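A short worksheet on the structure shown next.
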Amino acid sequence: MKLPAEFVALSQKIGADPLLVQGPGGNTSIKLDGRMWIKASGTELAEANDKNIFVAVDPAKAILELEGVGDGSCRSAMIDPDGGLRPSIETTFHAMFERKFVFHFHSVATICHAIAVEGRESLADKLSGLIWVSAPYMKPGIPLTKAIRVAVSNYDVQVVVLENHGVIVVGETIDEVKDLIDEVERRLDLPVLANVGDKNVGANVQGWQEVPVVSALVQDPLMFSRATSGTYYPDHVVFLGPALPAVSPSEFAELDPATLPVPAILVEGEAVYIKSDATPAQQAMLVCVFNVLSRISNDWTLVPIGQDAEAELLNWDAEKYRQALGERDS
C-alpha cells in the first residue's frame, strides 16, 4: 500500500535530523482503514523515502499484547508475518493512541530535560498551554506502554515526555503533528554550553578512529564525569554499552580494540575514539551523547537509568535483533 506522501516525508525529515533521531531510533505510525503502518524494527526513518521501512499491523491485536496475548513483540498482530520485517518494539503504545498519527523520537532537547531533576521540573512552565503528560522511565515495549497508559489516563494528550527516553507527539493531521514537533523543539531548545572541539576528521590509531567533534567529552571535567557515570537513555546502552569507558593515555597506548566489548572509549584529557569498524548507528549514538551533555546546565542533577535497567536492555532479544540489522546495513 502506498502511504500518504506527507507522512513519509515528515518521517524522513525528522529521521535525517540528528537532534531528533539518531540511527535506527524513533518510530512513526499512521492508522488507515483499520490497519496501522509503523516503522519496522532496525530500519531508519531517514530512509523513509528510499526504502520500505513500514510494516502493517492490526492495532486491536497489538493492544491485546498488553493483556498477555502474544510475546510483546507484536508479531502476532502483523498483517503479513512473512514480509521480512518486524514491527517496532514500541508498537503497542502507537496502537494505544486513537489519533491517526503517532510520532516518537529521541529529541536531544527533550532528553536533556528528561534526564535531569531540574529539567523535569521546568517542563510545567516550558510546555504550558499544550496538553501534555510525562511518563516514568520503563523498559521499551510492554512495560513502557503500560506506564504511558497510566500517565495519559483520561487526558486527550498531544505530547508525552518520556523520562530518560524521548517524546511522543500525536495528532489527527500531519500538519498538526509537524506544528507540535516544531513547538516542542522551540520551547525546549537549549544552547550548546561546551566547546565543540575540532570538526576535522580524526586520525586512525591502531584500529581506532578519533572523533574530534565530541572531544569536549574528555576536555570538560564535568562532561567527562557525566559521560562516565552512567547511561541516561536506552539507545545509548543498546549501541554503546553502559556508560563510556575511560582510560589514561598510557593505558590506551597498550589497549587492543578487539579486547574492548564496547565500540567507543574516552582517553582522559586527550581524545575520544571509536573503533574503526563501528557501525553508523554506533557513531550516531556517540555524537548524541555529546549533543545531550554539551547542553545541560552545570547545576542540573542528572539521573542515570541504573545498572538494572542497563542489564535488561543488554540481555533483550528484541534489541539484539535491532543491533544485528544495524550491523548488516553498515
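Descriptive notes on the structure:
- Any hit, the stretch 23-30, residues being touching a residue at least 40 places away in the same chain (Cβ under 8 Å) and of a type in the set (A, V, I, L, M, F, W, C): yes
- Options Gly34, Gly15: the member that is in contact with an Asp or Glu (Cβ under 9 Å, 6 or more places away or on another chain), surrounded by fewer than 22 Cβ atoms within 10 Å (Cβ to Cβ) and not assigned by TED's automatic domain parsing to the domain that holds Tyr233: Gly34
Conditions (1) crowded, with 20+ Cβ neighbours inside 10 Å; (2) at pLDDT 95 or above; (3) out of contact with any strand residue (DSSP E or B) (no Cβ under 8 Å at 6 or more places or on another chain), marked per residue:
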site: Val237; (1), (2), (3): yes, yes, yes
site: Leu240; (1), (2), (3): yes, yes, no
site: Pro245; (1), (2), (3): no, yes, no
site: Ala253; (1), (2), (3): no, no, yes
site: Pro257; (1), (2), (3): no, no, no
site: Leu260; (1), (2), (3): no, no, no
site: Ile265; (1), (2), (3): yes, yes, no
site: Lys275; (1), (2), (3): no, yes, no
site: Gln283; (1), (2), (3): yes, yes, no
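- Odd one out for Lys39 among (1) modelled with pLDDT of 95 or more; (2) surrounded by fewer than 23 Cβ atoms within 10 Å (Cβ to Cβ); (3) of a type in the set (D, E, K, R): (2)
This table checks each residue for (1) of a type in the set (Lys, Arg); (2) more than 15 Å from the chain's Cα centre (by Cα); (3) outside any loop (DSSP other than H, G, I, E, B); (4) on the phi > 0 side of the Ramachandran plot.
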position	(1), (2), (3), (4)
Ala258	no, yes, yes, no
Pro261	no, yes, no, no
Gln282	no, no, yes, no
Glu310	no, no, yes, no
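The values are calculated or read from the model by the stated rules, or taken from the named source; none is laboratory data. Model, not experiment: these values are computed from the prediction. All Cβ positions, even for glycine, are placed from backbone atoms using ideal geometry, and neighbour counts span all protein chains on display.
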